[in-house]
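What follows draws every value from the coordinates through simple rules; no lab data is involved. Because the structure is a prediction, the values reported are computed rather than measured. Neighbour counts run over all protein chains shown; Cβ positions are idealised from the backbone, glycine included.
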Amino acid sequence: MSVLKQALNEGRFVCVLEIIPQQSTARLATLERIVQRGHLAGWPLLPAFSDRVGLRSDLSPLAGAGALGDPASSLLHFSGKDRERADLLLQMEAMQARGLRQLLLLSGDRLPGHRPGQAPVRYLESVPALQLARAHGPDWLLGAALNPFKYREEEGGAQYLKAQKKLLAGADFLTLQLGFDAAKHIEAQAWMRAQACAKPMLACVMQLTGKRAAALQKVPGIVITESMRGLLERERQVSPAYAGARSRERLALQIVGLQLMGYAGVHVSGLHTLDELQALERAICKQRDSVASLSAWTERWQASWEMPDAPGVCFTPDAGAWKMGQSNVAATRRERLKYTLLSKVHGRFFSRTGWLSQAFGWSMTRPLWQDGIAAQALHAVERTIKRPLLGCDTCGRCRLQDTFYICPETCPKGLANGPCGGTHLNRCEFGDRECVHSVKYRIAKSAGQLPVLALTLIPDIEAGHRRRSSWPEWFARVDSTSRQACKRR
Ligand code: SF4
C-alpha cells in the first residue's frame, strides 16, 4: 500500500510536497534529495506532481515523476483543462504501467491566453473525471479539490454542494485550495464531519512572503487581503531575514494548527531545497512542542499576524463575510420567472407525458434525424431557438433539466456540475460576468431544490458529440432508460 493511502487509512498526519515538474536538472537533483529523505518533522513526506500550472515548457506530471525515478508514493495531478476522457485514460494507463496509482483530479484554472468570447475551451470536469477514474481504477487513491475560501453564500454554498458530488463520484480525499483564513479551515472540517461518508482532507499551505503574496493576489480563488500584504511589507522593511523567519514560523504554526483542527495532512508548495525543508522542520518542532490546544493555537496564530503599531490583519475580503449556515439570498424576480416559464415549456415538450410531448418524442426518434441534411436542419432549428434564449451551444446532450435551465455552456469552462474554485465574490474567474453557478444556486434555493446540486452527477460531453441537436438523443435516452427499467422488472 502506498505511503499516502496508508497514512490516510491509519489517520496518520502526512505531508505532500507539490512539485511543478520543470526541465531544470539542478532543480530536479535538489528535489530528488528531498523526496529521498521521505519525511518532515516525523510525518511521511511524498511528492505530488502538478499539471498545467506553470510554463508551457514544463514537463507533464508523468515525465516529472519519471525524472525522479517514479517514486511509488507519487501523487500525480490531472488537470481537465482542454482535455477529454481519452486523455485521462491514457494518463491512467501510463501510470498503471509504472506502478503509480494515485491521482488528484482537478478541473483546472483558466488556460493561459483563453479570453471570454473566444472559441470555447472545454474542460474535463472533476466530477465525471472522478467517475471515469473510479470505474477504471477501483482500487486507486483518488483525490479532488475544495475551495472553502468563499465569502458569499452562493459561491460558498455551491462549492460545498459540488464537493458532495465529488465524494459521491468516488473521491477518497479532498485537498483544499491554498488559504490563510483559519475560520474557513475550521468551517470546512465541520462540513466534512457532517457528511454521511466523511473523507480525510489535506490543506494546501505555502510560506507566504511579500513577493509571493503579490503574485498570489492575481491567482483566481486565492484570497490575499491588503491588510495581509501590509503586514508582510512592514516585516520586509525591518529586514528581509526577519520577514523570512516570520513567514516560516507562520507556515510551521499553520501546519501545527491544521493538524489540531483534524486535517489528515498538508499539501506544501513553494519549498525547493533541503535547507528550506530542514529549517521548516525545526520551526514545526518548536511550535508543536509548545501549542497544546486549538484555542492556544488560535491566539498564537492571531499574534503571528501582529506587529507593534501595525493595523490589524483581516483575512476576509472587504465586500464579503458569509459564513457557513448563513442563509439570506434568493433568486431575483426575473430569475424565478425565467425558471418557471422554462420548466413549463420543458414539461410540455420533454416530459413524455401528455400528447404534445409524446408526439414530439415520437417524431424526434425517427431515423430521419440521425444524419445528413435533416440532422443539420434540426441542429440549426435548435440552435436558432435556444442560443438567444439560453446561450445554448448545441452540445448534443441537453443538461438543462439538471441545471435549473442555466446552460452549462455559458460557463467559460463549460462546467455543468458546479463552480470551479476560481470565483471571487460570485464573479467568474474570467471577470466578465457573475458565475453562472451562483445564479443556479439562487434559483435552486428558491425552488427548494438545493439537494439536486449535490446529488445529480452530470456527465461530460465529448468533442465528437457536439454540434448536433440534443432532441433525438433526449428522447432516445428516455426510451433506453425505460427499456432497461422494464427489463429489470
Ligand atoms: S443542448 Fe447543451 S448547450 Fe444547449 S442548452 Fe442544453 S446543455 Fe446547453
Qualifying residues in the stretch 375-386 (those that are small (G, A, S) and surrounded by fewer than 14 Cβ atoms within 10 Å (Cβ to Cβ)) - the one farthest from the ligand (Cβ to nearest atom): A377
What number of residues within the stretch 6-46 satisfy the criterion of being in contact with an Asp or Glu (Cβ under 8 Å, 6 or more places away or on another chain) and not polar (S, T, N, Q)? 5
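Go through the residues of the stretch 347-355 one by one and say whether even a single one is among the β-branched types (V, I, T), exposed (fewer than 15 other Cβ atoms within 10 Å of the Cβ) and not in a helix (DSSP H, G or I). First the steps, then the outcome.
Within the stretch 347-355, the subset among the β-branched types (V, I, T) is 353.
Now restrict to residues that are exposed (fewer than 15 other Cβ atoms within 10 Å of the Cβ): 353.
Adding the requirement that they be not in a helix (DSSP H, G or I) leaves 353.
Yes.
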Every pair of residues 6+ apart whose Cβ atoms lie under 9 Å, when the first sits in the stretch 382-396 and is without any contact (Cβ under 8 Å) to a residue 60 or more places away in the chain and closer than 12 Å to P120 by Cβ while the second is more than 7 Å from the ligand (Cβ to nearest atom) and part of a helix (DSSP H, G or I): G391/T410; G391/V436
Scan the stretch 28-50 and report the pairs whose first residue is more than 17 Å from G270 (Cα to Cα) and whose second residue is part of a helix (DSSP H, G or I), with Cβ atoms within less than 6 Å and a gap of 6+ or a chain change. A41/E281; A41/I284; A41/C285; P44/V3; P44/A7
Determine whether L389 is of a type in the set (A, V, I, L, M, F, W, C), assigned to a helix (DSSP H, G or I) and within 16 Å of the ligand (Cβ to nearest atom). yes
Could you look through the stretch 392-420, keep only residues that are more than 6 Å from the ligand (Cβ to nearest atom) and part of a helix (DSSP H, G or I), and pick out the one that is farthest from the chain's Cα centre (by Cα)? Q401
